[in-house]
Amino acid sequence: MFLERYHSIQDGHVLISATQASRFAKEVAGDFNPIHNPDARRFCVPGDLLFALLVSHFGLSRHMTFHFRSLLGENVPLEFRKDDDGLIRVYDNKGKVYIEVERSGECTHDKTVIENFTRCYVAASGKNFPHTLKPLMENEGVMFNPDRPMIMYQSMSLTLDTLDAPHPDLELHNAELKPDGKRGNVSLDYRLISGGKTAGEVSKKLVVSGLREYDAEAMDAVVEEFYRLKNKSWD
């Protein structure tokens, strides 16, 4: 599977190095958030990579809800486990939970179907910033700390009409940002499109931390750095 180069297996545990995580963020998600750079002081593994690994291992179900519980650092031994309560959880060797998943309905383990959906979902996530979040923040007159931009997953849910949608694509149809003190709660709703028809829905909730008054000049500098890193990655 295409995820092999973005993780390793050691003593039955999944490990993700900072280099592997950063490579996934840039190559697959188009995500150039500095927090995913290997030398970042507050480095964390992209939630999208955990999502991708989990679906690859347990399959893609018609109904799934992912709760992101903790930020994951590099080279943490992980166990992907289905517990007695029916939930799937990702643990470290100290019992800390990083992601928790509810699922129901028909499930597929078809590698092509799973990879197509994963790539489609992750590509949409890569457009969160600046394409979607910048205008939302501008409209609300708020922004993150430009020196330490922090955008975190809270949850994601999906409902699929079919598990075999050819050439799937996610189309954003609603985006909302609600400031709440120093944090902003973001809701993103997508339609899964296949063959020109709606084949399901995906909803994501994000948290933007360290909110402050919107500064157009500072935001322009962040966007400029984003595209500098993006162009550099393909040099």
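Evaluate region 95-105: report whether one residue or more is more than 20 Å from the chain's Cα centre (by Cα), modelled with pLDDT under 95 and over 20 Å from ALA29 (Cα atoms).
no
Which of (1) surrounded by 18 or more Cβ atoms within 10 Å (Cβ to Cβ); (2) touching a strand residue (DSSP E or B) at 6+ places or on another chain (Cβ under 9 Å) does ASN75 not meet, given it meets every other one?
Evaluating ASN75 over (1) surrounded by 18 or more Cβ atoms within 10 Å (Cβ to Cβ); (2) touching a strand residue (DSSP E or B) at 6+ places or on another chain (Cβ under 9 Å) leaves (1) as the failure.
Taking only pairs six or more apart or across chains, which ones have beta-carbon atoms under 9 Å, a first residue in region 103-117 that is under 10 Å from LEU163 (Cβ atoms), and a second residue that is in a loop (DSSP other than H, G, I, E, B) and of a type in the set (Ser, Thr, Tyr)?
Filtered contacts from region 103-117: no entries.
So PHE43 passes all but one of these: (1) more than 18 Å from ILE9 (Cβ to Cβ); (2) without any contact (Cβ under 8 Å) to a residue 24 or more places away in the chain. Which condition number does it fail?
In the conditions (1) more than 18 Å from ILE9 (Cβ to Cβ); (2) without any contact (Cβ under 8 Å) to a residue 24 or more places away in the chain, PHE43 misses (2) alone.
Considering (1) within 30 Å of GLU224 (Cα to Cα); (2) in contact with a helix residue (DSSP H, G or I) (Cβ under 8 Å, 6 or more places away or on another chain); (3) surrounded by 15 or more Cβ atoms within 10 Å (Cβ to Cβ), say which one ILE35 fails and leave the rest.
It fails just one condition, (2).
Given the conditions (1) part of a strand (DSSP E or B); (2) β-branched (Val, Ile, Thr); (3) over 16 Å from the mean Cα position of the chain (by Cα), which single one is not true for THR112?
For THR112, the exception is condition (1).
The values are calculated or read from the model by the stated rules, or taken from the named source; none is laboratory data. The model shown is predicted, which means the values in this text are computed figures rather than measured ones. With ideal geometry, Cβ positions are generated from the backbone for all residues, glycine too; neighbour counts draw on all protein chains shown.
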